[in-house]
Amino acid sequence: MAFIIKPLVTEKMTAITEKQNKFGFIVRPQANKLQIKKEVEELYNVTVTDVNTMNYAGKNKTRYTRAGLVKGRTNAVKKAIVTLKEGDTIDFYSNI
């Protein structure tokens, strides 16, 4: 089962990557650190030294429309920050 949904490519994550050799991913909520580590090592052929995970709850959203008040909720997300061995790197832009 694929646990990684997509890589995190934001300004903040790019700055962390350049300074500390850490890469971010959006992962499935049921994924644990060992599964994430194994999948990153298989996909990108790198050595993972550390995995940190964060769970974000979905937020309630409300907007006013012509039809009335519309209520909804954003999706809950789990993020993983993966630290690589010194010298290893991941190039997300190689397939472009």
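The values are calculated or read from the model by the stated rules, or taken from the named source; none is laboratory data. None of the values given here were measured: they were computed from a predicted structure. All Cβ positions, glycine included, derive from the backbone under ideal geometry; neighbour counts span all protein chains shown. SASA here: full protein model, heavy atoms, side chains in, ligands and nucleic acids out. Shrake-Rupley method; radii C 1.70, N 1.55, O 1.52, S 1.80 Å.
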Tabulated pairs, the range 9-34, first part of a loop (DSSP other than H, G, I, E, B), second of a type in the set (Phe, Trp, Tyr), C-beta under 7 angstrom, 6+ apart or interchain: Val9/Phe92; Arg28/Phe3; Ala31/Phe3
Residue match in the range 51-67 (condition: open to solvent by less than 100 Å² (accessible area, probe 1.4 Å) and in a helix (DSSP H, G or I)): no
Meets criteria (touching an Asp or Glu at 6+ places or on another chain (Cβ under 8 Å), of a type in the set (A, V, I, L, M, F, W, C) and in a loop (DSSP other than H, G, I, E, B)) for Val82: no
Single match in Asn60, Asn21 (criterion: at pLDDT 95 or above, in contact with a strand residue (DSSP E or B) (Cβ under 7 Å, 6 or more places away or on another chain) and not charged (D, E, K, R)): Asn60
Check on Thr83, within 17 Å of Ile4 (Cβ to Cβ), in contact (Cβ under 8 Å) with a residue 60 or more places away in the chain and open to solvent by less than 80 Å² (accessible area, probe 1.4 Å): yes
Residue tally, condition surrounded by 12 or more Cβ atoms within 10 Å (Cβ to Cβ) and at positive phi, over the range 17-50: 1
Unmet requirement for Gly72, which otherwise passes all of (1) part of a strand (DSSP E or B); (2) closer than 20 Å to Thr10 by Cα; (3) open to solvent by less than 60 Å² (accessible area, probe 1.4 Å); (4) not acidic (Asp, Glu): (2)
